[in-house]
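Student: This structure is in structure tokens; I'll ask about it shortly.
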Amino acid sequence: MDTLYKVRMTDVHKAFGKKVVLDGVNLDVKKGESLVIIGGSGTGKSVTIKCIQGLLTPDSGSITVDGREIVGLSEREMEKINAQTGMLFQGAALFDSLNIWENVAFGLIQGKKLKRADAKEIAIEKLKQVGLSPDVAVLYPDELSGGMKKRVGLARAIASNPELIFFDEPTTGLDPIMSDVINDLIRSCVSDLGSTSITITHDMSSVRKIADTVAMLYKGKIIWHGSVKDIDDSGNPYVDQFINGRADGPIQMEIRG
Amino acid sequence: MNIFAPVGRVFIAFLESTGRLARFTLKTVSHCFRPPFYFRALAGQMIEIGFYSLPVVALTTMFSGMVIALQSYSGLSTLSSEGVVASVVELTITRELGPVMAALMVAGRVGAAMAAELGTMRVTEQIDALTTLSTNPFKYLIVPRVLAGVLMLPVLVLIGDIIGIYGGWLICVYKLDFNGTNFLRNVWNFMQAIDIYSGMTKAAVFGFIVTLLGCYNGYHSRGGAEGVGAATTNAVVASSILILISNYWLTELFFAK
């Protein structure tokens, strides 16, 4: 049993038809660490975290969460593991048929079988933690701005005090100031809970703010993995090109006709 | 050789989608019998399908009953028998038109709405969000809808039968100057138990088809707004065709000698 690592991916492959997305991903995430996965669009960042959550099944390879193999696990067992995780989706993915507090409390009511009144109390507490007033609790998702939706999504992700949290492009579509606010919230929420987090993004300011370690995904492989402190002198031309946002370099954008 | 490639491709695509639908059906049915059950969601869907479909079902069955009375009188008046019109109305409404009309209306109203709702939830990642909140989307979204369809469509058909026969009665009494009491007595004497329960069995099957295809198309929709639109169209067209085809075979099953 491995207690040092929260998540270990070993030689994970995943293809959709002929398109190979993950081509032997090896990635270790230590407990309590904040890992950020960077990489261009379509390099398999989302597929990587969907594999860890059991939303997609890898074609081959092994993924362990808390030392437990999750590839090939039954739906019911996977639900138990997911009960210990939270996720902030790119578009927040709030349930539009439920109001804000019901959204935040969803995992507590449906997953952990809490009473509605108790769950509501926790939901309002979590909303406060992400800087939203209790008045927001009775509104519906379509009444909120993009930044507020992200905050609600964050509150929902942390509502059940998960040990492992995923953030899928948390700052995409937000203005720079709101991005910074969300980054700060992510940082503080994760350190309050003492959770492990895996973030995918291509926003470099986010990386510098959130990350302890950074992994870069390119053509289905992890090509660099190290501390965020070393990212500026990684000595890796791919990483250099990406973090400085240059069009020319070893990474050539594939333009399909 | 080139002629065979596209034919083969279409055939393989057909087998693929048939297999996927079969797996989806089995998964849905098996989840119907495994806890947790979401009774709140089931009640909501039963109201949506059973109660809110009443006006359209009432209107269509009523006019069906009216037109059958009128048509059978004009076609059969040489026999000059009031009893014939009453029995034709009773037979066609309870055995065929009641279930088929109600199912087609529910397909247009409820099947389309389910495909659009689940499709939107799919493309905005709300279905993935359910999984990450350790709630099984089959149990939470699909089972309540399919069960509500199977339970409520027979009820709708029973009500539709009464209203359809009432439509026939209206025409007979106010247009054809028949005796209303005789009409009802003829209907009652002619009616057999199998008329009613065959119609209600059909309704349960149609309810399953409509809700299952609505959920299936929504759950598997891809590619944004366009994909959701296609899912909605497919749900209505496929379920309408399947209703009419299975109606024939159910009639054969019940009445062929």
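Student: Restricting attention to segment A:81-107, which residues are in a helix (DSSP H, G or I), more than 8 Å from chain B (Cβ to nearest Cβ) and at pLDDT 90 or above?
Tutor: Answer for segment A:81-107, where residues must be in a helix (DSSP H, G or I), more than 8 Å from chain B (Cβ to nearest Cβ) and at pLDDT 90 or above: A:ILE100, A:TRP101, A:GLU102, A:ASN103, A:VAL104, A:ALA105.
Student: To continue, here is another question. Please specify each residue of segment B:217-257 satisfying the condition of being among the hydroxyl-bearing types (Ser, Thr, Tyr) and either farther than 13 Å from B:MET114 by Cα or in contact with a Leu (Cβ under 6 Å, 6 or more places away or on another chain) (or both). Full working, then the answer.
Tutor: Within segment B:217-257, the subset among the hydroxyl-bearing types (Ser, Thr, Tyr) is B:219, B:221, B:232-233, B:239-240, B:246, B:248, B:251.
Listed by number, the residues that qualify are B:TYR219, B:SER239, B:SER240, B:SER246, B:TYR248, B:THR251.
Student: Just to be sure I understand, how many residues within segment A:148-186 are of a type in the set (D, E, K, R) and in contact (Cβ under 8 Å) with a residue 40 or more places away in the chain? Walk me through how you get there before you give the answer.
Tutor: First pass over segment A:148-186, keeping only residues of a type in the set (D, E, K, R): A:149-151, A:156, A:163, A:168-169, A:175, A:180, A:184.
Okay, now just the ones that are also in contact (Cβ under 8 Å) with a residue 40 or more places away in the chain, so A:149-150, A:156, A:163, A:168-169.
Total meeting the criteria: 6.
Student: Here's another thing I want to ask about it. Taking A:VAL71 as meeting all but one of (1) part of a loop (DSSP other than H, G, I, E, B); (2) closer than 22 Å to A:LEU35 by Cβ; (3) within 13 Å of another protein chain (Cβ to nearest Cβ), write down the number of the exception.
Tutor: (3)
Student: On the given criteria, is A:SER160 touching a strand residue (DSSP E or B) at 6+ places or on another chain (Cβ under 7 Å), part of a loop (DSSP other than H, G, I, E, B) and hydroxyl-bearing (Ser, Thr, Tyr)?
Tutor: yes
Student: Scan segment A:185-229 residue by residue and report those that are modelled with pLDDT under 90 and among the acidic types (Asp, Glu).
Tutor: Matches in segment A:185-229: A:ASP192, A:ASP203.
Student: Also: Mind telling me which of the residues A:GLY39, A:GLY24, A:GLY44 ends up being surrounded by fewer than 20 Cβ atoms within 10 Å (Cβ to Cβ) and at positive phi? Give the steps one after another, and end with the answer.
Tutor: Values: A:GLY39 fails: surrounded by fewer than 20 Cβ atoms within 10 Å (Cβ to Cβ); A:GLY44 fails: surrounded by fewer than 20 Cβ atoms within 10 Å (Cβ to Cβ).
Checking each option against the conditions leaves just A:GLY24.
Student: Still on this model: Within 14 Å of chain B (Cβ to nearest Cβ), more than 13 Å from the chain's Cα centre (by Cα) and part of a helix (DSSP H, G or I): which single residue out of A:LYS113, A:LYS120, A:LYS149, A:LYS128 fits that description?
Tutor: From the options A:LYS113, A:LYS120, A:LYS149, A:LYS128, the qualifying one is A:LYS149.
Student: On to the next question. Out of A:GLY40, A:GLY44, A:GLY61, I need the residue that is within 11 Å of A:VAL25 (Cβ to Cβ), in contact with a helix residue (DSSP H, G or I) (Cβ under 9 Å, 6 or more places away or on another chain) and away from every other protein chain (no Cβ under 13 Å). Which one?
Tutor: A:GLY61
Student: Could you pull out every one of the helices (runs of 4 or more DSSP H) wholly within segment B:98-170 that has 3 or more residues that are more than 14 Å from chain A (Cβ to nearest Cβ) and crowded, with 24+ Cβ neighbours inside 10 Å?
Tutor: Per the criteria, B:98-106.
Student: Moving on. Might you let me know whether segment A:43-58 holds any residue that is part of a loop (DSSP other than H, G, I, E, B), under 26 Å from A:VAL152 (Cβ atoms) and touching a Lys or Arg at 6+ places or on another chain (Cβ under 6 Å)?
Tutor: Looking through segment A:43-58, at least one residue is part of a loop (DSSP other than H, G, I, E, B), under 26 Å from A:VAL152 (Cβ atoms) and touching a Lys or Arg at 6+ places or on another chain (Cβ under 6 Å).
Student: Just a yes or no: is a residue in segment B:76-95 modelled with pLDDT under 95, outside any helix (DSSP H, G or I) and away from every other protein chain (no Cβ under 14 Å)?
Tutor: yes
Student: Right, next: Can you tell me which residues in segment B:22-62 are within 14 Å of B:ILE159 (Cα to Cα) and assigned to a helix (DSSP H, G or I)?
Tutor: B:ILE49, B:GLY50, B:PHE51, B:LEU54, B:PRO55, B:VAL56, B:VAL57, B:ALA58, B:LEU59, B:THR60, B:THR61, B:MET62
Student: Additional query: Among the candidates A:LEU114, A:LEU73, A:LEU94, A:LEU108, single out the residue that is crowded, with 17+ Cβ neighbours inside 10 Å, free of Cβ contacts under 8 Å to residues at least 12 places away in the same chain, at negative phi and of a type outside the set (Gly, Ala, Ser). So that I can check it myself, show each step before the final result.
Tutor: On the way: A:LEU73 fails: free of Cβ contacts under 8 Å to residues at least 12 places away in the same chain; A:LEU94 fails: free of Cβ contacts under 8 Å to residues at least 12 places away in the same chain; A:LEU108 fails: free of Cβ contacts under 8 Å to residues at least 12 places away in the same chain.
Every option except A:LEU114 fails the conditions.
Student: Out of the residues in segment A:201-233 meeting the condition of being among the hydroxyl-bearing types (Ser, Thr, Tyr) and surrounded by fewer than 17 Cβ atoms within 10 Å (Cβ to Cβ), tell me which one is nearest to A:ASN183 (Cα to Cα).
Tutor: A:SER205
The values are calculated or read from the model by the stated rules, or taken from the named source; none is laboratory data. Worth saying up front: this structure is predicted, and the values here are computed from it rather than measured. Neighbour counts are summed over all protein chains in view; Cβ atoms, including those assigned to glycine, are modelled from backbone coordinates with ideal geometry.
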